[in-house]
Each structure stands twice: as structure tokens, then as C-alpha cells.
Amino acid sequence: MATGNLLGEFLKARRGRVPPSRAHLPAPGRRRVAGLRRDELARLASISEPYLTRLEQGVDRHPSPQVLRALAQALELDADTTAYLFSLAADPVRPAETEVTAEVHQLLDTWAGSPAYVRNRRFDVLAANKLARALAPMYEPGHNLARDMFLTPQARSLFPDWPQIAAQTAAALRAEADPRDPRTASLVTELQVDQDFRRLWAQHDARPSRDELKRFAHPTVGNLALRRQALTVGGAEHQVIIIYQAAPGSPSESALARLL
């Protein structure tokens, strides 16, 4: 991930995804771009075209909140992607935490019947209980979830819904990781060797991890459907606990018990 002009890259990519018809603009017979032209976006956001040019070229990197809100509305961004847009204009945040407290380790162990692990915003796995490590190698501490998702064949066989899970992973990495962090930039550069990641990353979707049902095809115990919950860690705002739970009495609960 190049860190030189992230705001400009985002604006150009997202205006390319807004058809003129949705923005109530006339669509003449032939256009050189599929989405909005720069002058059209400037008009919709009520800013000058020269100013938008400076934003896209990286000359101006700190637009006001009012300008950001106007651009978000013109680009039809949802709440998550709007938050990401604002983050690109903010000051860099401190590096992702890599240390997990003893109390959090103890908490993971109390959930012995549910796979649980801790990751940072760069998707590095920092700690995991025994059941999480048995569920998937990618949940072993020291692994990076995005790297394993796109660069290991095991992930593609582990998730029956791999295309959807991969898209969620790319969108969550963009939403949660600080793109100005050199280690994040290095990770994204590494992931660019995968064509699926390149395609998803180029869409500039940003959506944090959500609580949802996730399906696994485990090589030993078979299929599982687990509800994923994401919890923030007190005192470490950029660490997240992910816990998977099976419905009581379900085949998935029995399958998890066989992993213990």
C-alpha cells in the first residue's frame, strides 16, 4: 500500500463507482470515465474543481469535516466508508498493539468451550485459546489473518463461503488498519500478489468486522456454523477479541466438543 496519497487514491476510486445517472447528471453518449468526472463530483459536493484536484493529487491532505461530509454524500458512502474517509484526513494513530495482558489471556481460557482469539487492527493474531487453535491454524498466535486468508490454500478450503469471507476480510482490514503504518503498508504490498486481493482492495470498500454467522468445513469434525462476536479490549482500543459460539444443542456444538 503506497502511503503517499491515500486520500486522493480513495476519492478517484470511489468517484469511478458512481454512475452519473444515480447522481442525477446527464449521461452524454460517450464518456471517457465510467463514473463521475472530477468536475461533476466537485459540483455535487459544492466545492471547486481546483480544490478537488488538489485533494486528489495530494497537495491538500486535510480537508475540513464539512468538505468530507459533502464528499461522502456525493460519493454515496455508507457510514463505515465515511468513517474511513475521515480517518484518511486525520493524523496518524499509534502503532497496533502487540502485547496482550495476563487478564485477557485468562479470559480466553475461561471460554474453553468456545474458540476465542485476540487480534490487533492489522489482523495479527496475538493470543488464542486451545479451541481456536484447533479450529484453524490461522488462529495460532503469530499468524496474520489477512495473509492466511489470501495466501494459503487451507483458508480457501476451510471456508465454504470463501469469496464472501475474503471480501469481508479486505474491507475490514481497510476499515480498521491504519494505512500509514509501515507494517500495514508492507502487508498490503505482500498481499497484492493474489489477484482476488488486488481486485477487492481496488474497490476501496471499508467495513469493520461484524457479528455474524460463519461457516467452517473442518477437515476432522466436518461442517460447523458458528456465530462470531467481536469485542473490544478495555485499555487497548485497537485490540479485538473474536469469539465463536455454536447454538446450544446443535451439531456444531457437538463438533466443537470433538475438537477439545
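Worth pointing out:
- Here, the chain has an Rg and a Dmax of 20.8, 64 Å when only alpha carbons are counted.
- 5 angstrom amide H check on A127, placed H, neighbours 5+ away: V118
- Virtual spin-label span in nm between F86 and Q164, 7 Å along Cα→Cβ: 2.9
- Across the range 48-55, rounded Karplus estimates of 3J(HN,Hα) from the backbone phi angles (6.51 cos²θ - 1.76 cosθ + 1.60, θ = phi - 60°) give 7, 5, x, 5, 4, 4, 5, 5 Hz, Gly and Pro being marked x.
- Relative contact order [Cα under 8 Å, 6+ residues apart], the range 6-88, whole percent: 34
- Pairwise label distance in nanometres, A112 with D78, each label 7 Å out on the Cα-Cβ vector: 4.0
- Residue-averaged [θ]222 nm for the chain, counting only DSSP H segments that reach four residues, each worth -39500 (n - 2.57): -12500 deg cm²/dmol
- Less than 5 angstrom separates the built amide H of V18 from those of L36, all sequence-distant by 5 or more or on a different chain.
- Neighbour-limited loop hits for trypsin sites (Lys or Arg not before Pro), the range 150-241 (at most 15 other Cβ within 10 Å; DSSP other than H, G, I, E, B): R210
- Free of any GluC sites (Glu not before Pro) that DSSP assigns to a loop and that have at most 16 other C-beta atoms within 10 Å, the longest stretch within the chain is 100-260.
- Rounded to the nearest whole Hz, the Karplus-based 3J(HN,Hα) values (6.51 cos²θ - 1.76 cosθ + 1.60, θ = phi - 60°) of the range 169-184 follow the sequence 5, 4, 5, 6, 4, 5, 6, 9, 7, 7, x, 8, 6, x, 6, 5, with x at glycine and proline.
- The range 6-88: mean projected area of Cα convex hull, nm²: 5.0
- Karplus 3J(HN,Hα) series, Hz, for the range 104-119 with 6.51 cos²θ - 1.76 cosθ + 1.60 (x for Gly, Pro): 5, 4, 5, 4, 4, 5, 5, 8, 4, x, 9, x, 8, 8, 10, 10
Computed from the coordinates by the stated procedures, all read-outs in this text should not be read as laboratory data. Note that this is a predicted model, so its numbers are computed, not measured. Cβ sites come from the backbone with ideal geometry, for glycine too, and all protein chains shown count toward neighbours.
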